[in-house]
Amino acid sequence: MAALDQRRQAMLQRMGVDVWRPRDEVAEIEATPLDVAQAEADSEAQASSTVPPPRELSAPSAWVSAATLDWPALAACVADCTRCELSRTRTQTVFGVGDRQARWLVIGEAPGAEEDKRGEPFVGRAGQLLNAMLAAIGLAREAVYIANILKCRPPQNRDPKPEEVLACRDYLDRQIALIQPTLILAVGRIAAQNLLKVDTPIGRMRGQLHHYGARSIPVVVTYHPAYLLRTPSDKRKAWDDLCMALATYRERTAGLP
Ligand code: URA
């Protein structure tokens, strides 16, 4: 990416990434090869409360498929969802927020306590950092769409169970089909593994371009903002991921109006 302008530097500062380096050094950092061993060690730590790797389950036939629903019908279907046990403990569903024609789709894990209360994804401390991360690459929160793998909060913020991920899966698939984003940013191991149906450690998923669905939408994986709040030393790596996402987006949209 070209030299950082002042606004972006301010955003990076809000994100907690050191910004005192000379500009040419920032370009160098963008080109730094990933420290895979370190990232894997981090991902092990992050995986300490690991969900079992995604396994193939099949959806009960009683579910009405979301595959052909339009936005209002899909939102209503999610709001009334009782497909899994999380419907008994949630305050409300958290459908997603943002521009339904956004070019960027951000996918997180599941609502936390604050999101469950307010009905909107990423509104707590992690959400503030996510906003700063997006702003650092010139994106306003309102300009992207933000959704989660799960639409309901798991009690005590435990990891999603495979059957809960399966129950929610076609809601997210339908959101992606309706938005048709140019790029998906998966934040965190659980979002990335479940979206892509793999069990690769996040340290190995970062720094590579992945693809979603029949249209091969590019997917960039980065750390979850909640993890970055606990491990600020990895914000630099998250910045690398954001640069990769921006470069990919620019490549895909080069020459378009
Ligand atoms: N973490 C997530 O993954 N999603 C949210 O909506 C909030 C926190």
Fill in the blank from the handout: Here FRET efficiency (C-beta to C-beta, Ser61 to Arg100, R₀ 22 Å, nearest 0.05) is 0.15
Fill in the blank from the handout: Once both label points are put 7 Å beyond Cα along the C-beta direction, the Thr91-Asn157 separation in nm becomes 1.5
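All of the numbers you see were taken from the coordinates with simple rules; none came from a lab. Fair warning: this is a prediction, and the values are worked out from it, not measured in the lab. Because the Cβ atoms are built from the backbone with ideal geometry, glycine has one as well, and the counts that use them run over all protein chains shown.
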